[in-house]
1. Restricting attention to the stretch A:137-147, does a residue exist that is buried (at least 19 other Cβ atoms within 10 Å of the Cβ) and among the aromatic types (F, W, Y)?
2. Quick one: in the stretch A:119-148, which of the residues that are among the aliphatic types (A, V, I, L, M) and closer than 30 Å to A:G351 by Cβ is nearest to the other protein chains (Cβ to nearest Cβ)?
3. Looking at B:A17, B:A42, which is the one that is at the interface with another protein chain (Cβ under 7 Å from one of its Cβ atoms), at pLDDT below 90, in a loop (DSSP other than H, G, I, E, B) and under 24 Å from A:A73 (Cβ atoms)?
4. Examine the stretch A:148-160 for a residue that is polar (S, T, N, Q), part of a strand (DSSP E or B) and closer than 25 Å to A:D53 by Cα, and state whether such a residue exists.
5. Checking A:S259 against (1) outside any helix (DSSP H, G or I); (2) among the polar types (S, T, N, Q); (3) more than 20 Å from A:S352 (Cβ to Cβ): exactly one of these is not met. Which one?
6. Looking only at the stretch A:90-103, filter to residues that are among the aliphatic types (A, V, I, L, M) and surrounded by 16 or more Cβ atoms within 10 Å (Cβ to Cβ); which one of those is farthest from A:G168 (Cα to Cα)?
Amino acid sequence: MVRDLRKRGAVGLALLAVLWSPVAAVGQSPAPGPSGGEVPVVGTFSYNSGNNDAEPEIRGAVHGVRRVPGGTAVYYSLGVAPGETFDAVRTMPTAGLAEAYTAGDAFAVRVLDPRGLQLYLPLNGPQGCLCSMVYDFGQESGRLAIGWAVLPELPAKVQTVSVLIGYGSVEDVPVEEGPLLPEVQTTPLLLGGGWPALPMDQISAVSDQRLFVRTLVRRTADRKSTVTTSETAGKVDEALSADVLFAVGSATLSPAARSTLQQVAERLRARAAGPVTVVGHTDSTGDSAANQALSEARARAVRDALQDGAGAGVTFQASGKGETQPVADEATPDGRQANRRVTVTYAVKPGS
Amino acid sequence: MRRVLVAGLVLGLALTACSSDDTRPRAERSSAAPTPTASPEAPAQDLVDQLLAPDVQPDPLATVTGTITVGQQATPVTVDVLEVRAAETSTLLRWRLRSSTAQRVDTFGSSMSRPGSQDTRGIRVLTADAVLQPYTYEGPEGGVFAAAGDLFCACSVLPTQVGAEGVLMYAVLPPMTGEPSMVDVLLPGIAPAAGVPVTR
């Protein structure tokens, strides 16, 4: 679907929309040339070099997220405006302790699958990162240098992703088939000069692509923060505010609790696979033993209400953790409120 | 120098499936194996010229101020909300963090970030019926940080400092339900940015 770029009000985008030719059909591509040829564009980005506003703005585009044999290729380009100082090393974050990459790897190219709740990082094999090195971008301003990364294979059902690149992101990127052509062996490779030849032999040398797939967590809450939902692939955790469910110090459900719990029960009936775990939590105010007892009683009360609403097909386990598992700072009122909760955790049925 | 804020202005010009209007002789089409693509194309030099053009700074959708603390130091900062874009599977928020004065100020390790990670997952987008938080993700299984949960965020990490110019920031959040035309944006310690228009 074509968006009206002119609504964005940015200089040049209206012109770009005019230049875009609508005649390219799915399955065919205009003949790309070695220079000045047409290039696919699926989104643009910009961010401050080095995440520092004292440095130039890095600008670029994502040219494709494309399935290739054994993996997924991300093609992009980036550069700085003419006259600016281009420090290629500062175009990407540096690899930290938690990363498998090494200094110089342009590793900060990630694909986020919001529906599947997975995040994909560049593959790293015996010969290192399957990605550009920042030095490949050259040192000159006023041009866009091509970068690339090969990530794990995306599931066949993944059609649209977000691309996190450098210190920025691009949304709504379609997943397409096949590498970009023609492939050339040039460094630095500039936009319009062809596309990088992907190291296909190195893809198969990666021992386990799952090492480069991360679990994504999606968090939402209702506007009153009565229920905060955290979801990963296959599992849901709903934190219900104890302040809404119960009066202070009480394990008797409030009138306001009924509608909330009915909605939770409906979700359980629709999505829960296997036993549902209900756990009561308190803040640290008052006696620990009393808090433990209160959390257990509250968990039982919520369990009973959910059982009524979810039906006999859903089973429950209820327990209390007292004040032992805070999720926020007990020193603040907001933190203590967040800690007063009952959590409802369950695995979800596939496809639900 | 004013700067083009092309950041995050996703072209999103994905083609829908359509019949071919390419009437060029077959020999003029790509001689390599066809590269199926639904993405729009543009001349490379035009894209270079557009993306790297001299700056024109569009007006932010909302500007709010607040105070962050780094240690014992309270620092006034300004937040410009640049874009809230609703997509089918996600919401993109783009914003800019800058010093409220001409002085550069420390931001890393401030009250705006999550302790230990320095990311900005505390940002919230509020619709009429929901509060959206940035996606987060976990470290590698069995790795050094495996037990720490979702240490990473699909959102910006705070810069070390910001000046009056400001650092561009982003967050990827879950999709909105319904089609709200406006949302509120919240950041820890910062006044709410209310009624921010949503683009699609």
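1. Yes, there is a match, as at least one residue in the stretch A:137-147 is buried (at least 19 other Cβ atoms within 10 Å of the Cβ) and among the aromatic types (F, W, Y).
2. Of the stretch A:119-148, the ones among the aliphatic types (A, V, I, L, M) are A:119, A:121, A:123, A:130, A:133-134, A:144-146.
Restricting the remaining residues to those that are closer than 30 Å to A:G351 by Cβ gives A:119, A:121, A:123.
Numbers: A:L119: 5, A:L121: 9, A:L123: 13 Å.
Among those that are among the aliphatic types (A, V, I, L, M) and closer than 30 Å to A:G351 by Cβ, it is A:L119.
3. Details: B:A42 fails: in a loop (DSSP other than H, G, I, E, B).
Going through B:A17, B:A42 in turn, the sole match is B:A17.
4. Start the filter on the stretch A:148-160 by keeping residues that are polar (S, T, N, Q), which leaves A:159-160.
Those still in the list that are part of a strand (DSSP E or B) too: A:160.
With closer than 25 Å to A:D53 by Cα added as a condition, the list becomes none.
Checked the stretch A:148-160: no residue is polar (S, T, N, Q), part of a strand (DSSP E or B) and closer than 25 Å to A:D53 by Cα.
5. Tallying (1) outside any helix (DSSP H, G or I); (2) among the polar types (S, T, N, Q); (3) more than 20 Å from A:S352 (Cβ to Cβ), A:S259 fails exactly one: (1).
6. Going residue by residue through the stretch A:90-103, those that are among the aliphatic types (A, V, I, L, M) are A:92, A:95, A:97-98, A:100, A:103.
Remaining after also requiring surrounded by 16 or more Cβ atoms within 10 Å (Cβ to Cβ): A:92, A:95, A:100.
Values: A:M92: 10, A:A95: 16, A:A100: 21 Å.
Selected residue: A:A100.
Conditions (1) crowded, with 17+ Cβ neighbours inside 10 Å; (2) facing chain B (nearest Cβ under 9 Å); (3) modelled with pLDDT of 95 or more, marked per residue:
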site: A:L16; (1), (2), (3): yes, yes, no
site: A:L19; (1), (2), (3): no, yes, no
site: A:P22; (1), (2), (3): no, yes, no
site: A:P30; (1), (2), (3): yes, yes, no
site: A:G64; (1), (2), (3): yes, yes, yes
site: A:Y76; (1), (2), (3): yes, no, yes
site: A:T85; (1), (2), (3): no, no, no
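Rundown of residues vs (1) part of a loop (DSSP other than H, G, I, E, B); (2) more than 22 Å from the chain's Cα centre (by Cα); (3) more than 7 Å from chain B (Cβ to nearest Cβ); (4) surrounded by 18 or more Cβ atoms within 10 Å (Cβ to Cβ), yes/no style:
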| site | (1), (2), (3), (4) |
| --- | --- |
| A:G193 | yes, yes, yes, yes |
| A:V206 | yes, yes, yes, yes |
| A:L211 | no, no, no, no |
| A:R219 | no, no, no, yes |
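The values are calculated or read from the model by the stated rules, or taken from the named source; none is laboratory data. For clarity, every value in this text was computed on a predicted model and none was experimentally measured. With ideal geometry, Cβ positions are generated from the backbone for all residues, glycine too; neighbour counts draw on all protein chains shown.
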